[in-house]
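Engineer: Let me give you the structure first, and then I'll get to my questions.
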Amino acid sequence: MKNFRDLYASTNASIALEQRWFVKEETTRGEMKAPTNTDFLFTLGGGSLSYAQPFDSSPHRSGRHHTSIIKKKKELTFSFSTYFNIDSTLGAADAAEIDTPVRALFKSLLGAEDTAAGAKYTPAIPNLTLTIFENGDKWARQSRGNFIQGCNINLPGDGEATCEWSGAGKDAVLVGIGKSTSTNAAANIVTLIAGDGDKFKSAVGGMVMIVKTDGVTRSTDTPNGTPRKIVSVLGDVVTLDGAALTADSDGAALTPVYLCYYEPTAPAGINDPQTGLEGSFVLSGFSTVCLRSATIAITNDHEVVNYCYGTDSLSAPFYVPGNRLNVVPTFESNLDDTLIKFFHDVQAFGDQDVTLVLGPAAGRRMEINMPKVKFKVPSYAVPDTGSIPVSFEGQALQSVLDAEDEIYIHFK
């Protein structure tokens, strides 16, 4: 369990390995919602939540010297990679075989979720936003109004299956850790020691909790799942929302308490990655194909609502699903008798029914189906030695007008 007293006292620089992510579906678009223990998301290294407000030098005539700036709209993008964690211990298909934040990500990606037998995701118009927390050791980046723009599913034959998520959002705040030795009871104000207010001064709207002297115990004023929001910051005085604070947050009596970025008490997620050692690849009508690798690039390309007058960031509803859903499968295999037959079918622009399974044939697994794919006729080069790999890139299509069935992803 994190000890916020020790983190506050440490003079070390922040450590990259302490990065962790939380993803929560928002009830109302753009209204930050506090994550709970099960909103924790296992990710791989290298993810980022990038938030900035660029500016240009003012074009006012000021000689050869820059004199002022012109601010631009705020920009928020994020990306991270995950394994496919599927709870293989479950005896029957259930939505619980994948994590709650993973379900939210797939709903944001494809739009529709069916939990009748596991969790099945099909194309529909996405209609939700996400709160995403990127927490470190001394800091947390809290963002709202997020949505998935695209996802690359990678199924290599000589590596681990991964999912690369990317998207955009409205805005974010950076929240730190501060210490209070002042009387905070009977008001909504936390008075920090001199200089610590600077760790919160642009974090209005951010979620915080009060931690007692041991650095671990949460104040009853901010129990797990119920943080406070920062209303204002004036110097070292931080005003919070909600009811007046009690003696359980009194920095003078408890000597001290800590005002910290919010993090659930006991983050928990499914740690059961299905990496591709078990699985199958089927091209309907053709015999077994040795799959060297497969990728499925799913792109929403939502219109980002960053053009409304009088606002400095995205405006509600933050995105418009105004572009076509684009599903592009690519697979690579060795040139052999089966692939020669498939090559001729592709050349005739035949419809291909493609099914990929990650996991065992029986038991908890992920199944991806694209019932109508048109593949481009590929070119290929013959290497000096070894087998001859051929890569086919396609476009997934709906089977008939309004079927909206170009892909489904089913955890079953």
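Engineer: Placing +1 at every Lys and Arg Cβ and -1 at every Asp and Glu Cβ, with all other atoms neutral, what dipole size does segment 1-147 have around its Cα centre, in debye to the nearest 20?
Structural biologist: Roughly 1020 debye, rounded to the nearest 20.
Engineer: Under a plain spin-label model, where a point goes 7 Å from the Cα along Cα-to-Cβ, how far apart in nm are LEU128 and SER58?
Structural biologist: About 4.6 nm, to one decimal.
Engineer: What is the spin-label model distance, in nm, from ALA381 to THR255 if the labels are put 7 Å beyond Cα along the C-beta direction?
Structural biologist: The modelled label-to-label distance comes out at 7.4 nm.
Engineer: Not counting the cut sites, what is the longest span of the chain without chymotrypsin sites (Phe, Trp or Tyr not before Pro) that DSSP labels loop and that have at most 12 other Cβ atoms within 10 Å?
Structural biologist: On the way: sites that count: TYR307, TYR309, PHE349.
The longest uninterrupted stretch comes out as 1-306.
Engineer: Right, here's the next one. Can you give the helix-only mean residue ellipticity at 222 nm for the chain, where every DSSP H stretch with n ≥ 4 adds -39500 (n - 2.57) and the sum goes over all residues, rounded to the nearest 500 deg cm²/dmol?
Structural biologist: Computed mean residue ellipticity for the chain: -2000 deg cm²/dmol.
Engineer: For segment 349-409 and segment 55-129, what is the separation of their C-alpha centers, rounded to whole Å?
Structural biologist: Their Cα centres are 25 Å away from one another.
Engineer: Which residues in segment 369-392 place their backbone N less than 15 Å from a point set 7 Å from the Cα of LEU335 along the Cα-to-Cβ direction?
Structural biologist: Within reach of a label on LEU335: 377-392.
Engineer: According to the square roots a ≥ b ≥ c of the eigenvalues of the Cα gyration tensor, what is the shape class of segment 333-402, taking rounded for a/c under 1.5, prolate for a/b larger than b/c otherwise, and oblate for the remainder?
Structural biologist: Numbers: a/c = 2.68, a/b = 1.27, b/c = 2.10.
Taking the square roots of the gyration eigenvalues as a ≥ b ≥ c, segment 333-402 is oblate.
Engineer: Can I ask one more? From the backbone phi of segment 63-78, what are the Karplus-calculated ³J(HN,Hα) couplings (6.51 cos²θ - 1.76 cosθ + 1.60, θ = phi - 60°) in whole Hz, Gly and Pro given as x?
Structural biologist: Along segment 63-78, the couplings run x, 7, 10, 5, 10, 7, 10, 10, 6, 10, 5, 5, 10, 9, 9, 8 Hz.
Engineer: Can you classify segment 57-138 as rounded, prolate or oblate using the Cα gyration tensor, where a ≥ b ≥ c are the square roots of its eigenvalues, rounded means a/c under 1.5, and otherwise it's prolate if a/b beats b/c and oblate if not? Kindly include the intermediate steps, with their values, before the conclusion.
Structural biologist: On the way: a/c = 5.46, a/b = 2.77, b/c = 1.97.
Verdict is prolate for segment 57-138.
Engineer: Where does the Debye-calculated log10 I(q)/I(0) of segment 145-248 sit at q = 0.15, 0.18, 0.24 Å⁻¹, using only Cα point scatterers of equal weight, no solvent?
Structural biologist: Result of the Debye calculation: -0.68, -0.84, -1.32.
Engineer: Tell me the label only: which of (i) 33, 22, 21; (ii) 45, 30, 27; (iii) 47, 26, 19 is semi-axes √(5λ) of the Cα gyration tensor in Å as calculated from this structure?
Structural biologist: Computing semi-axes √(5λ) of the Cα gyration tensor in Å and matching it to (i) 33, 22, 21; (ii) 45, 30, 27; (iii) 47, 26, 19 gives (iii).
Engineer: A follow-up question, please. Give me the distance in nm between label points sitting 7 Å out from Cα along the Cα-to-Cβ direction at ALA187 and ALA117, one decimal.
Structural biologist: 6.2
Engineer: Further, regarding this structure: Rounded, prolate or oblate: pick one for segment 254-304, where a ≥ b ≥ c are the square roots of the eigenvalues of its C-alpha gyration tensor, a/c under 1.5 means rounded, and failing that, prolate if a/b is larger than b/c, else oblate.
Structural biologist: It comes out oblate by the Cα gyration axes.
Engineer: What FRET efficiency comes out for THR311 versus VAL282 if R0 is 45 angstrom and r is the Cβ-Cβ distance? Round to the nearest 0.05.
Structural biologist: 0.40
Engineer: Project the alpha carbons of segment 1-148 onto their principal axes and report the range along each, largest first, in whole Å.
Structural biologist: That works out to 74, 45, 25 Å along the principal axes.
Engineer: Another question, then. Taking amide hydrogens as modeled 1.01 Å from N in the peptide plane, which residues meet the under 5 Å criterion relative to PHE84, leaving out close sequence neighbours?
Structural biologist: Those lying under 5 Å, H to H, from PHE84 are GLN274.
Engineer: Can you flag which of LYS120/LYS376; LYS74/LYS179; LYS24/LYS229; LYS138/LYS212; LYS72/LYS138; LYS341/LYS412 are past 23 Å Cα-Cα?
Structural biologist: Cα-Cα > 23 Å for LYS120/LYS376; LYS74/LYS179; LYS72/LYS138; LYS341/LYS412; rest within.
Engineer: Mind pulling the angle between the C-alpha long axis of helix 100-110 and the longest principal axis of the chain? Nearest 10 degrees, somewhere in 0 to 90.
Structural biologist: The angle comes out at about 60 degrees.
Engineer: Counting other C-beta atoms within 10 Å, and keeping those with at most 15, which DSSP coil trypsin sites (Lys or Arg not before Pro) do you find in segment 33-102?
Structural biologist: Qualifying residues, ordered by number: ARG61, LYS72, LYS73.
Engineer: Size of the dipole of the chain about the Cα centre, Lys and Arg at +1 and Asp and Glu at -1 on the beta carbon, nothing else charged, in debye to 20?
Structural biologist: For this selection, approximately 1440 debye.
Engineer: Is any residue of segment 43-66 close enough, with backbone N under 20 Å, to a label point placed 7 angstrom from the Cα of ASN271 along the Cα-Cβ axis, and if so, which?
Structural biologist: So the set is 43-47.
No value in this document is a laboratory result; all are computed from the given coordinates. For clarity, every value in this text was computed on a predicted model and none was experimentally measured. Here the Cβ is made from the backbone with ideal geometry for all residues, glycine too, and neighbour counts use every protein chain on show.
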